[in-house]
Amino acid sequence: MSVVQWKQNFKDKLKQEKNELQRDKERTEATIMHRLELFKERVAGRMMGLYERLQLAVAFQKLRENRKQVLWLQRVKGLKAQCEGLREENSIAQANSASASHDFSQGQFAQR
């Protein structure tokens, strides 16, 4: 083998090795990019899951607050109804008391 052939053969092998290294580099970059995309998709999926759970928790909290508000309103309405009933009883008692007082005074006046 002549020196010229040996040099050409060596250059060809170097070029082939360089091409293989370039392909390996491109494959590695493509694999890394693919893994990065998969990771991003997983993170995005987890974030959406967390966001949905957070929305659900907020909705349940609003429902709880609304339920408490409804219960308080029902209690206030009940207390208002009781208060109204007590007012009616009080006015009836006052009317009866005034009537009894008037009758008693009439009875005392008649005895004199």
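The heavy atoms of residue 56 present about 100 square angstrom of accessible area, all protein chains included, probe 1.4 Å.
Solvent-accessible area of the chain (1.4 angstrom probe, protein heavy atoms only): carbon and sulfur portion equals 59 percent. Helical content of the chain, expressed as a calculated mean residue ellipticity at 222 nm, amounts to -37500 deg cm²/dmol (DSSP H runs of 4 or more residues, -39,500 (n - 2.57) each, divided by residue number, nearest 500). The fraction of Cα-Cα pairs per 10 angstrom bin, counted from 0 for region 15-64, comes to 23, 23, 19, 14, 11, 7, 3, 0 percent, rounded to whole percents. Note that the chain presents 98 Å² accessible area per residue, ligands and nucleic acids not counted, probe 1.4 Å. For the chain, the Stokes-Einstein estimate of translational diffusion at 4 °C and a viscosity of 1.567 mPa s comes to 53 µm²/s, using the Kirkwood hydrodynamic radius over alpha-carbon pairs. One way to sum up the overall shape of region 32-98 is the equivalent ellipsoid from its Cα gyration tensor, whose semi-axes run 64, 4, 4 Å, largest first. Compute the FRET efficiency between residue 91 and residue 62 as 1/(1 + (r/R0)^6), taking r as their Cβ-Cβ distance and R0 = 30 Å, and round to the nearest 0.05. Once rounded, the FRET efficiency stands at 0.10.
The values are calculated or read from the model by the stated rules, or taken from the named source; none is laboratory data. What you are looking at is a predicted structure, and each value in this text was computed from that prediction instead of being measured. Virtual Cβ from ideal backbone geometry, glycine too; neighbours counted across all protein chains shown. These accessible areas exclude ligands, DNA and RNA; they are computed on the full protein's heavy atoms, side chains included. Shrake-Rupley method; radii C 1.70, N 1.55, O 1.52, S 1.80 Å.
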